[in-house]
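A short reminder: the numbers here are calculations on the coordinates, not readings from a lab. Treat the numbers as computed from the prediction; the structure is a model and nothing was measured. Note that each Cβ is placed from the backbone with ideal geometry, even for glycine, and that neighbours are counted across all protein chains shown.
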Amino acid sequence: MVHVANLDDLRIFTKVAQFRSISQAARSLGMPNSTVSRRLSVLESKLGVSLLRRTTRRVTLTEQGREYFSHCKEPMTLLEDAEQTLTRGQMIPEGKLRMSVPVILSQDPFLKFLSGFLKAQRQIQIDLFITNIFLDMVAENIDVAIRFGELQDPSVVAKRLGRSVRYVVAAPEYLKGRALPIEPADLKQHACVMLNARNNETDWDLVSGRKKTRIHVSGPVSSRDFNSVSTFVYRGHGIGLLPSTYCSEPLASGALMRLLPQWSSPQIPVFAVYSNRKFLPLRLKVFLEALAAWQSPPWLKE
């Protein structure tokens, strides 16, 4: 029967072998001398050999002890180095942060935020996935994802960042010579620029206080991301349902006009999502803190 030594006992033995002293090894390990001596005796008993010769003044290795130490020394050093690397990683934010974000965040505000974060945290690298697909965070080794909408995966941890709301808007070029919609149903008579539509038609859900309605709309352009949808709306191709953060400056400058101002989309929650609640890597922790402190994110803070 093969007896496998306890890892803690091996650590104690290698320290004693290095220092040739039980008391110095005990100080290094933060243990009482009696505990070190007892664990050495347990190790020798388990292995069935004498590893050390002890006198009142010094400790020397037996021949078996020297041979055992020569085999144990390098693995224990590698283990200590690995532990120190992990501990250092929890003291200094460093390493690669793999991140998934939707295409709506591919514009300058979020990229500018990331640039500032990287300049503040020089030891962190970012591997950025920009996609509207909800990637499997475990399979793809994703540290954190920013997601819009209710979450369906109960296995992830979600930190709420805020909310997004969409306005019904159009460019003056499109509205010229056309009757403005007075009620949501009037949108059926207008060309619309849509996100993720099938056959260039889709349903828009709108709310006004406690009132809710679903309107079937259609139009000349459908796209898979808000960047292109907003561009076609700005260029007068139809009415769009755009995030309020996309619209604030164009509305203020007159480049866009808000229609049906009493109506908007339902509020859409925005989350930072990660897979493990315990022992967050420090690089992830400081990123989540930076997200929470961001003063002008492309969502409404709560």
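With viscosity set to 0.890 mPa s at 25 °C, what whole-number translational diffusion coefficient in µm²/s follows for segment 220-260 from Stokes-Einstein and a Kirkwood radius over Cα pairs? Estimated via Stokes-Einstein, D reaches 234 µm²/s.
One chain, two ends: residue 290 and residue 20. Fully extended at 0.36 nm per residue, the span grows by 92.3 nm beyond their Cα-Cα distance.
With R₀ set to 45 Å, the beta-carbon distance separating residue 189 from residue 126 gives a calculated FRET efficiency near 0.45. Of all beta bridges that DSSP places with both ends in segment 166-258, some 70 percent have antiparallel geometry.
Residue ranges 247-256, 91-100 sort as 91-100, 247-256 when ordered by packing (mean number of other C-beta atoms within 10 Å per residue, highest first).
Computed from Cα positions, the angle between helix 282-293 and the longest principal axis of the chain comes to roughly 30 degrees. Sorted from greatest to least, the principal axis extents spanned by the alpha carbons of the chain come out as 104, 41, 31 Å.
For the chain, the residue among 68, 266, 149 whose Cα projects farthest onto the positive side of the dipole built from Cβ charges is 68.
Placing a label point 7 Å from the Cα of residue 182 along the Cα-to-Cβ direction, the residues of segment 228-264 with a backbone N closer than 18 Å are 259-263.
Let me spell out the model: positive unit charges on the Cβ of Lys and Arg, negative unit charges on the Cβ of Asp and Glu, origin at the Cα centre of the chain. What dipole size does that give, in debye rounded to 20? The dipole magnitude comes to about 1040 debye. Assign one of three labels to segment 166-258, namely rounded, prolate or oblate, based on the Cα gyration tensor with a ≥ b ≥ c the square roots of its eigenvalues; rounded applies when a/c is under 1.5, prolate when it is not and a/b is larger than b/c, and oblate otherwise. Cα axes put segment 166-258 in the rounded bin. Note on residue 212: lysines with a C-alpha under 30 Å away, same-chain residues under 8 apart excluded, are 159, 176, 188, 301. Of 77, 131, 55, the residue with the greatest mean-square motion in the GNM of the chain, using alpha carbon springs below 10 Å, is 55. In this structure the amide hydrogen of residue 239, modeled in the peptide plane, comes within under 5 Å of the amide hydrogens of 191, 192, 193, none closer than 5 places in sequence on its chain.
Antiparallel beta bridges, as assigned by DSSP with both residues in the chain, represent about 65 percent of the total such bridges. Working note: Karplus 6.51/-1.76/1.60 with θ = phi - 60° gives segment 7-16 the couplings 4, 5, 5, 4, 4, 5, 4, 5, 5, 4 Hz, where Gly and Pro are set to x. In this structure, residue 155 and residue 53 have a Cβ-Cβ separation that, at R0 = 51 Å, corresponds to a calculated FRET efficiency of about 0.40. Specify the angular offset, from 0 to 90 degrees and rounded to the nearest 10, of the alpha carbon long axis of helix 108-120 from the longest principal axis of the alpha carbons in the chain. Between helix and principal axis, roughly 20 degrees.
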